[in-house]
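Throughout, read-outs are computed from the coordinates displayed, never taken from laboratory work. As the structure is a computational prediction, the values presented were derived from the model and not from experiment. Note that each Cβ is placed from the backbone with ideal geometry, even for glycine, and that neighbours are counted across all protein chains shown.
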Amino acid sequence: MKVLKWLLVILVANIDRDNVTEAHVNHLMELPGKTPGITNFVKFQSHLNLYLLEIYNFTVSYRIARAWTGRLPSGHKLGFIGILSRGEVDMAMAAAIYVPDRKDDCDFVHTSYRAIFGFVFRVTSDSSASEASLMAPLHRDVWTSLFVTIFIILLVGLLVRGIYFFTKLSVSGSTSRDFVDIFAALCQQGIDPMPRNVVQRIIVLMMLIMAFFLYNYYTSSVVGVLLSTPVKGPRNIEEIVASSYKLSVDDTSFHRVIFRERKTSNVERIYDKIIRLKRGPTDLPMYAPISTAIPFIKSGRWAWHSELTESFSTIAKNLNALEICDLRTTSGLYESAYDNEFAVLPKFSQYKEMMKISFMWLHETGFVKRGLTIYRSEKPECFSGISVFAVGFQAVSAAFYVLIAGHQELF
């Protein structure tokens, strides 16, 4: 039987794999999870090709390409599409996105893998960047402000008691009683007996008002979450650009290509927002792999663009149940019409009909579905219900402003 030459595509241009040879190809394709430089739909197509290898018992010789496509000023086509257009191989190991201007370069034979390009991000409360629960209802800055305020109130109480003592004026209760009154006011348990001194009464009144604000904002936040629908976040490119999310993209060659060419308005808008972003040394770079992007996605301040079906499995392993429930996705740089990945052959290939029949047989016998189960992951499901966000300082600052105004009245 005729020996077929096959093509392996390694996508990322800046990976540390300059010396990849035919001996490395099978090992790279068999690596579990997301492999830098190789997309999952390439692995999926390789998985199907292995079945064809068993069916037809042919010998494989690999031709390695580093990029999808490109064109020199002379018109010479580069990369994966260039090799196919010149008929330098018999088949392609990688699947390719159907783009109308590629119809003259190759034949699209069979599709069964639907890629999803989009942004993934986490929605959180504006007042909180960390997890909250019913046992931790207030954010750290609120707790800090509360303890500082109580400490200042105690100092004011001690100062007032000292002034009254040296001026021989009468003052009710004792220092220990002042502690009990402040604690009772904070817990809204009532004061009995009520202090007779006006200054002490003002202190107790301010504490009651502060406690009222704190409990009111917290209960309102919880009830609002229970009664409202889940926060959806941005739903399209326009909303993601207008949002406060900082943007980054997966470190792959097709992101670099589409940002260099910028053929659509969506790509232009996203590129402008990414370029305008002032990044510090601790921020997510413009191009970042999934391992680097995970902590930033969890923070709720970053949206990361990738081929989502190959990123969901890694995301699900690194986010807890509450974080998964806060996970959202939106449309990406590619239009939905370009989501389907096709097995491709050189134009007018003699193996076209044979491969059509073979891929259809793989589909009918369940091998395609088995490959999809291995290489294509869906968005992780939410099993934890709703999230309760901690109340931040800006939500309860009115309580502390009232206390400040009340203390000014004392003097």
By average C-beta atoms within 10 angstrom, highest first, the peptides 25-37, 245-257, 76-88: 245-257, 76-88, 25-37
Separation of the residue 235 and residue 276 label points, Cα + 7 Å toward Cβ, nm: 2.4 nm
FRET efficiency (residue 56, residue 373; Cβ distance; R0 22 Å; to 0.05) is 0.35
Which entries in the list 232/298; 77/103; 77/278; 103/273; 263/369 go over 26 Å, if you measure between the two C-alpha atoms of each? 77/278; 103/273; 263/369
Can you compute the modelled spin-label distance between residue 180 and residue 99, with each label point 7 Å from Cα toward Cβ, in nm? 7.9 nm
Charge dipole (debye, nearest 20) of the range 53-127; +1 at Cβ of Lys and Arg, -1 at Cβ of Asp and Glu: 220 debye
At what distance in nm do the modelled label points of residue 85 and residue 141 sit from each other, each positioned 7 Å from its Cα along Cα→Cβ? 5.5 nm
Over the range 288-353, the quotient of the Cα radius of gyration and 2.2 N^0.38 Å is 1.58
If you stretched the chain out fully between residue 209 and residue 155, how much longer would it get, using 0.36 nm times the residue separation minus the C-alpha to C-alpha distance? 17.5 nm
Amide H contacts under 5 Å for residue 113, placed H, 5+ residues apart: 341
